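Down below is the structure, laid out as structure tokens.
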Amino acid sequence: VGCMIRLEYLNLAGNRVANLPHEMSSLQDLKTLDIRKNEFNRLPDALMYFTSLTKLSAQHNHLVTISSVLGECKVLEELWLQGNRLTSIHPLIGDLGCLRVLNLGENQVTSIPPHVGNCAALRHLGLYGNGLARLP
């Protein structure tokens, strides 16, 4: 897959993938990455090279944290992370100025930190099925 340098859409959903190979770092035109229903316990490091990425679907994996590598996805518009094991929202989410959709439903998030308010473009915020006791 790494030699398909013009690839814009990659769907790996419903497999047993736990990481992306370094060779995929050449996919700089990738706009949509669908890795839902796999075995990821953290977001792949290869994300830092996907500078054109606008949509990341990583629902129903085993993610426990949102790693700082996501901060390199400056044009990200949609982030789908529902059905994982996330307990908090990483501060870097507030730096994703193009983010329109953030779905963190069905995780273990117990509070919404103030930096989510920095997402001025945000239009859809999914927080259903978490342990929220109050809103900020």
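The values are calculated or read from the model by the stated rules, or taken from the named source; none is laboratory data. Owing to the predicted nature of the structure, the values given are computational and were not obtained by experimental measurement. Note: ideal-geometry Cβ built from the backbone for every residue, glycine included; neighbour counts use all protein chains shown. For accessibility, only protein heavy atoms count, side chains too; no ligands or nucleic acids. Shrake-Rupley method; radii C 1.70, N 1.55, O 1.52, S 1.80 Å.
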**Message:** Given a 10 angstrom Cα cut-off, can you work out which residue in Arg36, Arg16, Arg100 is the most mobile in a GNM of the chain?
**Reply:** Arg16
**Complete:** Quick calc, the chain, dipole around Cα centre from Cβ unit charges on Lys, Arg (+) and Asp, Glu (-), nearest 20 debye, gives 300 debye
**Request:** Once you've got the GNM for the chain with C-alpha springs shorter than 10 Å, pick whichever of Glu106, Glu39, Glu23 has the biggest mean-square fluctuation.
**Result:** Glu23
**Asked** How high is the relative contact order of region 9-126, in percent, counting Cα pairs under 8 Å that sit 6 or more residues apart?
**Response** 19 percent
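Can you give the local net charge around Val69? Use residues other than it whose beta-carbon is closer than 10 angstrom to its beta-carbon, Lys and Arg +1, Asp and Glu -1.
-1
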**Message:** Tell me the per residue accessible area of the chain using a 1.4 Å probe; a whole number in Å² is fine.
**Reply:** 51 Å²
**Prompt:** Carbon and sulfur: what percent of the chain's accessible surface (1.4 Å probe)?
**Reply:** 51 percent
